[in-house]
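Before any comments, here is the structure.
No value in this document is a laboratory result; all are computed from the given coordinates. Given the structure is predicted, the values throughout are model-derived calculations rather than measurements. Cβ coordinates were reconstructed from backbone atoms using ideal geometry, including for glycine residues, and neighbour counts include every protein chain displayed.
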Amino acid sequence: MNGPGPAALTARLLARVDELAILLARRVRAAEIELAVVPEDDVASVCAEQLRVSLAHLGGGSASPADVAKANARRRALRGIPLAALLHSYRIGTQFLWERIAAETTPAEHAVLIESAGELWLGLDLLSETIREAYREVEAERELRDRLDRDRLFDALLGTDPARIREAADALGLPQRGRFHVIAADATADLPATAVQRHLPAERLAVIAMPAALAPGLAPDDTPSGPSTRPLGGPVIGALGGPSNGPLSGALGGPSKGPLGRPPKGSPSGPSTSPLGGPSNGPLPSFPLLAGGRFGVSPVYHQLSQTAAALRLARLALAAVPYGAEAVCHYGDRPIATLIAGSPETADDLARRILGPLLDLPRDERDTLMSTARAWFDAAGSTPAAATALFCHRNTVRYRLGKLHELTGRSVDHPVEAAELLLALETITLLEYPKGV
């Protein structure tokens, strides 16, 4: 659009730009209620700048209307003006500018008018995309700041400074005392949206607070004193229906599995003590659905100052789930696996010593003997049941167990030796021995 025509036309409008900006600002504030809260002089100032650069661009200058629009969009986004409202204001502005150009155009400038129309409306598309991109950038920056704030607060919960723990709890909407659990999970696992979360490169962590109504024995002042700006990190109890029937009830739709897939024994009849203090044999909560990865859940604890200790136990519970499995493990569900996870180097060394020549066999032969031993343990020592699970004759199971005895010097018929074999097999499963080792 070079030439004397557009330059002369835009020059006449530029001479009146302050007057036009006030008229445009009033039209925008009257048509868009979200911008009515912005002072008129602020809107008029932006209108003047946008009109000035747009007219200069139409007149053949090098000014970029998109740069002005981006700066304005960032300011409005930070102020909380909805994106739709700002886009609407730019449509109003484009219509306004077109009306002024049409009114100012002389008959001799008719060709300029036609060319200006196309450039104006194409320019609106560019400005609209620039504004959307600016809003996306501001939202991404806000999310990053919020995440860093949440991470800082979560890390404060793991500290020992009571004042910082109280501040973090208040900011995160957590009561000082209640019924809490820590969840540790794979980096790709989905945690409950209501939980207070911390995402690390190799894992995801969460603190879940039970609703105060379900935390018996707490005084009213143990709960937050007022509404929080952040959601309470508490799950919906019984989200999958009914009370918990076991450590994993309501988590994966069935009871927990013990070492090598066996359900754990019943809880002791007498009271037991949690590693975090207090009784530990009460009913466990039904967590919202935890699926699609490995999860470790700490025992219940009652004071946020115990979060760091609970995190250690949740990580041990997570490490007790074999890689590649999709399961939820409450601390204590898998005692043998948890012991291995607590001292993996020692467990690895002992497993190699226990299994000895078995690990030197060809892969297929080694795997056959180990799967037979696992099936026998899963069948509670029943050779016929193990044979059924393996689709083979019970004499085949006996032969393989005898071969295992010959290679390791340990018999499944001897309680201590059987326990050592079970420990070694669980170690292999948990620590993922490379094939062929």
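Worth pointing out:
- Only residues that are among the small types (G, A, S) and over 21 Å from L153 (Cα atoms) were counted across the range 287-327, and they come to 10.
- Taken over the range 139-158, residues that are in contact (Cβ under 8 Å) with a residue 60 or more places away in the chain and exposed (fewer than 14 other Cβ atoms within 10 Å of the Cβ) amount to 1.
- Enumeration of residues in the range 159-184 that are in a helix (DSSP H, G or I), touching a residue at least 24 places away in the same chain (Cβ under 8 Å) and farther than 19 Å from H302 by Cβ: A171
- Taken over the range 346-393, the criterion of being aromatic (F, W, Y) and outside any helix (DSSP H, G or I) is satisfied by F391 alone.
- Selection status of D125, more than 30 Å from L276 (Cβ to Cβ) and surrounded by fewer than 14 Cβ atoms within 10 Å (Cβ to Cβ): yes
- Residues (crowded, with 18+ Cβ neighbours inside 10 Å, among the hydrophobic types (A, V, I, L, M, F, W, C) and within 41 Å of the chain's Cα centre (by Cα)) located in the range 1-55: V28, L35, V38, V43, V46
- Among all positions in the range 195-215, there is at least one residue which is closer than 17 Å to C329 by Cβ, touching a strand residue (DSSP E or B) at 6+ places or on another chain (Cβ under 6 Å) and β-branched (V, I, T).
- Flag if V38 is in contact with a helix residue (DSSP H, G or I) (Cβ under 8 Å, 6 or more places away or on another chain) and either part of a loop (DSSP other than H, G, I, E, B) or free of Cβ contacts under 8 Å to residues at least 12 places away in the same chain (or both): yes
- Options G409, G356, G402: the member that is touching a Leu at 6+ places or on another chain (Cβ under 8 Å) and among the small types (G, A, S): G356
- Criterion: loosely packed, with under 12 Cβ neighbours inside 10 Å and within 20 Å of L339 (Cβ to Cβ) - qualifying residue of P357, P384, P415, P362: P415
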